[in-house]
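K.L.:
Here it is, the structure, as structure tokens.
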Amino acid sequence: MNKPSTLRRILTTDLPVLLIVIFAMAPFAWIILTSLTPTAVLSATGVSISPSGWSFDNYVRLIEQTSFLKNMLDSLIIAVGTVVVGLLVSVTAAYAFSRFRFAGRKAFMLQFLLINMFPIVLLILPLFVLFRKLNILDTHFALILANATAAIPFAVWMLTSYVGAIPRSLDEAAMTDGCTRLTALRRVVLPLMMPGIISTGIYIFITAWNEYLYALTLGGKNVRPVTVAIQTLIGEYQIEWGLLAAGAVVGALPATLLFLLVQRRLIGGLTQGAVKG
């Protein structure tokens, strides 16, 4: 009885899941192997699967012959700045939507939800014209503001659910004891919101780190995030696939490591924020 059951489970569950994982991971494994294969070997025989043919020459060239480390710093400044701006706005907005009843509240919440349905490419031209008039193109500040416009609607929607799950009686008790509304938010509500704030901040960071359209349009020579820097590794007459793959691996490493470290908190926070409220 057990053998047919085990065989059925392998054929219907384990094997399909394994094939899906292999299918999903194969491109990433191929990029890593390409980055470890010297350019001469790539041109002659293709990607080397044997460890004996691997080399870190592409990574050394990436660091020594390009400005990739500076581009990594640009991406880090933009991503962290977007997290700070996004959380400052979304936390206070979520608290207002959850705790106050005012005209147009439901319409504003619906607007935040609908904004997420439109591609960010629609905002590029208005933002470009506005930032050019403000003379802030090709700055970290411009890209932080642009990324925040895309991150805040979703962050407000999710954090409103977190605040709504916190009993109002806690705020009222704190204000009865002499706290102001802002003090009650800082001392009572924010500690209880911390799982949601962390998961939302991680989401904003990864989104800002991987963003390409704003970086390409609103950035330039002074500020060039990793996503745009990888594109510059493509030459006019040839493509050095090893160098390009090394840039892709290094560029994806910070966001990947961050996600692996906090994936349980991120997935749990997104799920909790989606079902509460």
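The values are calculated or read from the model by the stated rules, or taken from the named source; none is laboratory data. A quick note: this is a predicted structure, and the numbers were derived from the prediction, not measured. Don't worry about glycine lacking a Cβ; one is built from the backbone with ideal geometry, like all the others, and counts go over all protein chains shown. Only protein heavy atoms, including side chains, enter the accessible area calculation; ligands, DNA and RNA are left aside. Shrake-Rupley method; radii C 1.70, N 1.55, O 1.52, S 1.80 Å.
K.L.:
List the residues of segment 63-81 whose backbone N lies under 19 Å from a point placed 7 Å from the Cα of D138 along the Cα-to-Cβ direction.
P.N.:
The answer is 67-68, 70-75, 78.
K.L.:
Here's something else I'd like to know. Which is the longest run of the chain containing none of the trypsin sites (Lys or Arg not before Pro) found in DSSP loop states (not H, G, I, E, B) with at most 12 other C-beta atoms within 10 Å?
P.N.:
102-220
K.L.:
A further question on this structure: What figure, in Å² to the nearest 10, do you get for the accessible area of T139 with a 1.4 Å probe and non-protein molecules left out?
P.N.:
40
K.L.:
In addition: Scan the chain and note any complete DSSP helix (H) whose C-alpha atoms cover at least 18 Å along its axis and whose Kyte-Doolittle average is -1.0 or more.
P.N.:
Length and hydropathy pass: 15-36, 68-99, 121-134, 140-165, 190-210, 241-275.
K.L.:
Provide the FRET efficiency to the nearest 0.05 for the R187-R101 pair, computing r from the beta carbons and using R0 = 22 Å.
P.N.:
FRET efficiency, R187 to R101: 0.40.
K.L.:
In the full protein assembly as shown, how much of Y203 is accessible to a 1.4 Å probe, in Å² to the nearest 10?
P.N.:
70
K.L.:
If you don't mind, there's one more thing I want to ask. Evaluate the distance, in nm, between pseudo-label points positioned 7 Å from the Cα of L253 and of F118 along their respective Cα→Cβ axes.
P.N.:
If labels sit at L253 and F118, their model points lie 3.9 nm apart.
K.L.:
Additional query: List the chymotrypsin sites (Phe, Trp or Tyr not before Pro) within segment 72-174 that fall in a DSSP loop (any state other than H, G, I, E or B) and whose Cβ has at most 16 other Cβ atoms within 10 Å.
P.N.:
Hits after loop and neighbour filter: F100, F102.
K.L.:
Could you state the accessible area per residue of the chain in Å², with a 1.4 Å probe and every protein chain left in place?
P.N.:
Here the per-residue accessible area is 59 Å².
K.L.:
Next up: In nm, what is the difference between 0.36 nm times the number of residues separating L130 and S169 and their Cα-Cα distance?
P.N.:
Result for the pair: 9.7 nm of gain on full extension.
K.L.:
If the chain between S43 and S55 were fully stretched, how many nm would it gain, using 0.36 nm times the residue separation less the Cα-Cα distance?
P.N.:
2.8 nm
K.L.:
Can you give me the % of accessible surface on the chain that is carbon or sulfur? Probe 1.4 Å, all protein chains present, nothing else counted.
P.N.:
Carbon-and-sulfur percentage of accessible area, whole number: 71.
K.L.:
Please work out the Cα center distance from segment 135-163 to segment 181-208, rounded to the nearest Å.
P.N.:
So the two Cα centres are separated by 15 Å.
K.L.:
How far, in nm, would the chain grow between I10 and W30 when pulled straight, counting 0.36 nm per residue and subtracting the alpha carbon separation?
P.N.:
Difference between extended and current length: 4.5 nm.
K.L.:
Something else now. Viscosity 0.890 mPa s, temperature 25 °C: give me the Stokes-Einstein translational D for segment 6-56 in µm²/s, with Rh taken as the Kirkwood radius over C-alpha pairs.
P.N.:
For the chosen part, D equals 192 µm²/s.
K.L.:
Could you give P(r) for the chain, binned at 10 Å from zero, as whole percent values over all Cα-Cα pairs?
P.N.:
P(r) for the chain, in whole percents per bin: 6, 21, 25, 22, 15, 8, 2, 0.
K.L.:
Calculated from DSSP H runs of 4 or more alone, at -39500 (n - 2.57) each and per residue, what is the 222 nm mean residue ellipticity of the chain, nearest 500?
P.N.:
-25000 deg cm²/dmol
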